[in-house]
Structure formats: C-alpha cells, structure tokens
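Undergrad: Structure provided below as structure tokens; questions to follow.
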Amino acid sequence: WQGTSTVSDYKTATINFEYLVNYQITHTTGTGEHHDGTNSGAYLFTLIGTAGETAEHDCPADRTKGVTAHCTFEDPADIGKLKGMRIKNKGDNTWVFVSMSVEIEGVLRGKWQGTRAVNDYKTVNINLGYIVYYRITHKTGTGKYDGGNKSGAYFFTLIGTAGETAEHDCPADRQMGVTAQCTFEDTADIGKLKGMRVKNKSDNTWVFVSMSIEIDGTLRGSWQGTSTVNDYKTVNINFV
C-alpha cells in the first residue's frame, strides 16, 4: 500500500492491501541468425486466465540467441486458472522463442513448445495448458502373486465430471504388501474427481487393495477393496 493515512488521536484507520501474485516466465530464444531479442523495453507480457488477465508487464531477461532465461513480476489480478499468454512487441526488434513456461507462486502451471516470432510492432498469443499435479497412493495385495511391475505395464487415467486425464505410466513400487506413491502432471480440466481407469499393457497381473488420489496436494478420492488388473485387461474403480 502507498499513500497517506493519518491515525488521529484515539482514532482507527483502515487500509486495503492488494494481494500480489508472483509469476516467473522462463523462455528459450531460437538459434536462428536473427532470433535475438531485446532484454527489456520492447516486449510486454500479459498472462490470461479463466477469470481475467494480468496487466502488461515488461519482463527483463536475456534474449540472446539460444539462451534459456527467466524473468519475474508481481500482479494483483485474479486471473483464475492460467490459459495463455499475450506478448506485444512495442519496438522494431523481432524476437523468436521456441519454448515458454510459467510458474505461479513457485509452481509450474503452464508450458508451451514450438516456434513463434514476435514481429516488429505486432502481438502474438500462445495457449498454455493449466498444469494440475496428481499423486496416486496405492497398496498392493499380500497374496503370493499380487505384486506387479514398477513401470511400463499399468497406465492410469483419472476420470472426472468434466473429462479425463491422458493415460499415464506412473512408476512406483508394486511389490507384495507395499504401500507406495507415484505422481504425474496433466493439463486436462476433469472437473470433480469420480474414478480411475487402470489398463494393463503387459502379461503381469497386479492386485491392489487400496487407492487414493491427491490433486494439487489435497486428498480428493479414496477407495478400498480388492481389484485385480489381469493381463492385458482394464479395470475401473469409483472414488468416494
């Protein structure tokens, strides 16, 4: 807060703060002959979300050919979930980038790869999928043949009210009786978690007796019972 506030004798003063969100942008400049950009003063970055967008920010960083660099800024806007980025070139120095990622409060929330030129006095837009972090915790059964492969066999899909994630190999210890965890990232908007699909792409049956899901660090679903993922088969479970 900045301004002038007087706390007069025996009086109370109230001031309002803006909640500042910290953003870090990491980008890689292309390796072509004229791909270099200006470090500052030319490109204005705006982050776009489901509920709004930030102000335009000059974000000083090294934009030398082939360099990966980052810059940071703070903004009080409530943008919701990150969707994309707008870059405006206010100058006559074209800049070409080949990757872009955005961290919000230290957590990676969006990334993009390709080749995009921000031409003189032009504006470009890129789409950034909002990254959600999932953690699966499961317990393997205690039967003689209940153990499964650590990776490469079982592919996990989380199902929600609005959609589902991609299939993910989620490496973890699946020895008999072991409780273990694995994690993956996904950009799908699945809504509220409803269930899970586990596909076995191998000839190694796996039996699990409990399963739980954390989404961005919060427990969102749990299941207990006995489920067998037979060779080359798929099973579904519903969470409560």
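The values are calculated or read from the model by the stated rules, or taken from the named source; none is laboratory data. On a predicted model such as this, the values are computed, not experimentally measured, just so you know. Cβ placement follows ideal geometry from the backbone for every residue including glycine, while neighbour counts extend to all protein chains displayed. For accessibility, only protein heavy atoms count, side chains too; no ligands or nucleic acids. Shrake-Rupley method; radii C 1.70, N 1.55, O 1.52, S 1.80 Å.
Undergrad: So, with +1 on the Cβ of K and R and -1 on the Cβ of D and E, and no other charges, what is the size of the charge dipole of the chain about its Cα centre, to the nearest 20 debye?
TA: My answer is approximately 840 debye.
Undergrad: Let me make sure I get this right: for segment 60-114, a, b and c are the square roots of the gyration tensor eigenvalues over alpha carbons, sorted descending. Under 1.5 in a/c it's rounded, otherwise prolate if a/b > b/c, else oblate. Which is it?
TA: Prolate, because a/c is 1.5 or more and a/b exceeds b/c.
Undergrad: If I model the chain as equal point scatterers sitting on the Cα atoms and use the Debye formula, what is log10 I(q)/I(0) at q = 0.09 Å⁻¹?
TA: Debye intensities relative to I(0), on a log10 scale: -0.57.
Undergrad: Further, regarding this structure: Just going by the charge dipole of the chain, with Lys and Arg at +1 and Asp and Glu at -1 on Cβ, which of ASN39, THR165, TYR232 is farthest out on the positive end?
TA: TYR232
Undergrad: While we're on this one: Sort ARG63, ARG220 from largest to smallest accessible area, using a 1.4 Å probe on the heavy atoms of the protein chains.
TA: ARG220, ARG63
Undergrad: What percent does the relative contact order of segment 26-92 come to when contacts are Cα pairs within less than 8 Å and at least six residues apart?
TA: Relative contact order, segment 26-92: 41 percent.
Undergrad: While we're looking at this one, here's another question. How charged is the neighbourhood of GLY177? Take every other residue with its Cβ under 9 Å from the Cβ of GLY177, and add Lys/Arg as +1 and Asp/Glu as -1.
TA: My count for the surroundings of GLY177 gives 0.
Undergrad: One quarter of the convex hull surface, Cα atoms only: what value does that give for segment 173-240 in nm²?
TA: 5.1 nm²
Undergrad: Which entries in the list LYS81/LYS201; LYS83/LYS233; LYS144/LYS233; LYS83/LYS194 go over 29 Å, if you measure between the two C-alpha atoms of each? Write out the running numbers ahead of the final one.
TA: Working: LYS81/LYS201 34 Å; LYS83/LYS233 36 Å; LYS144/LYS233 20 Å; LYS83/LYS194 24 Å.
Over 29 Å apart, Cα to Cα: LYS81/LYS201; LYS83/LYS233.
Undergrad: Further question on the same structure: Plugging the Kirkwood radius over Cα pairs into Stokes-Einstein for segment 114-240, at a temperature of 4 °C and a viscosity of 1.567 mPa s, what D comes out in µm²/s?
TA: 82 µm²/s
Undergrad: Per residue of segment 185-198, what does 6.51 cos²θ - 1.76 cosθ + 1.60 with θ = phi - 60° give for ³J(HN,Hα)? Whole Hz please, x for Gly and Pro, Karplus curve as stated.
TA: Karplus values, whole Hz, x for Gly and Pro: 10, 7, 9, 6, 8, 9, x, 7, 4, 10, x, 9, 10, 10.
Undergrad: Evaluate Rg over Rh across segment 71-188, taking Cα atoms for both radii and Kirkwood's formula for Rh.
TA: For segment 71-188, the value is 1.16.
Undergrad: Check each of the trypsin sites (Lys or Arg not before Pro) in segment 83-161 and keep only those in coil by DSSP with at most 12 other C-beta atoms within 10 angstrom; list them in order. Don't skip to the answer; put the middle values down first.
TA: Working: sites: LYS83, ARG86, LYS88, LYS90, ARG109, LYS111, ARG116, LYS122, ARG135, LYS139, LYS144, LYS150; in loops: LYS90, LYS122, LYS144, LYS150.
Passing sites in segment 83-161 are LYS122, LYS144.
Undergrad: Now for a separate question. Just tell me the longest site-free run in the chain, where the sites are chymotrypsin sites (Phe, Trp or Tyr not before Pro) in a DSSP loop having at most 16 other beta-carbon atoms within 10 Å. The partial results should precede the final answer.
TA: Values: sites that count: TRP1, TYR10, PHE17, TYR19, TYR121, TYR145, TYR232.
Looking at the chain, 20-120 is the longest stretch - no exposed chymotrypsin sites (Phe, Trp or Tyr not before Pro) with at most 16 other Cβ atoms within 10 Å.
Undergrad: Calculate the tail of P(r) for segment 7-72: the fraction of all Cα-Cα distances greater than 21 Å, expressed in %. Before the final figure, lay out the partial values.
TA: On the way: 985 of 2145 pairs.
Roughly 46 percent, rounded to a whole number.
Undergrad: Further, regarding this structure: Does segment 121-172 come out rounded, prolate or oblate by the C-alpha gyration tensor, with a ≥ b ≥ c the root eigenvalues, rounded set by a/c under 1.5 and, if not, prolate when a/b is larger than b/c and oblate if not?
TA: prolate
Undergrad: For a label point 7 Å from the Cα of LYS81 along Cα→C-beta, name the residues of segment 94-113 whose backbone N is under 15 Å from it.
TA: Counting only backbone N, you get 109-111.
Undergrad: Could you work out the relative contact order of segment 118-240, using alpha carbon pairs under 8 angstrom and six or more residues apart, expressed as a whole percent?
TA: Value for segment 118-240: 29 percent.
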